[in-house]
1. With Cβ to Cβ distances under 13 Å as the rule, what net charge do the other residues near GLY27 carry (K, R +1; D, E -1)?
2. Using only the alpha-carbon atoms of segment 2-62 as identical scatterers, what base-10 log of I(q)/I(0) does the Debye formula give at q = 0.22, 0.24 Å⁻¹?
3. If the only charges are +1 at each Lys and Arg Cβ and -1 at each Asp and Glu Cβ, what is the size of the charge dipole of the chain around the Cα centre, to the nearest 20 debye?
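Quick note: the coordinates plus some simple rules give every number you see, no bench work behind them. Keep in mind that what you see is a predicted model, and the values were worked out from it rather than measured. Cβ placement follows ideal geometry from the backbone for every residue including glycine, while neighbour counts extend to all protein chains displayed.
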Amino acid sequence: MAYFKETIPDMIDKHKKMIKECLKVMGDKIQADLADDKMHNVIKSKRMAAETVEWSAKEIDRLEIELNEDDSAKDKKPTNFSERLAN
């Protein structure tokens, strides 16, 4: 787990760079003279970029929580339903 925590800052940095690139894709103007199939692909890529931005932003939040979490103070609660019922 220690190596994972070491890589979190790099992962956050890469996510931020990816978000910037996706936002560029989302903001690019769509050419009016595109064929229907190409227009469809452009719109799909913009939607995918928007979804990636949302996912990546949430992932940054999750990673920051993981990074700031104190392992020694972690409560060792059962993580799944069957473990909770067994106790």
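1. On the way: positive: LYS20, LYS24, LYS29, LYS46; negative: GLU21, ASP28.
For residues surrounding GLY27, the net value is +2.
2. Once normalised to I(0) and log-transformed, intensities are -0.84, -0.93.
3. Details: 17 positive and 19 negative charges, 40 e Å.
Roughly 200 debye for the chain.
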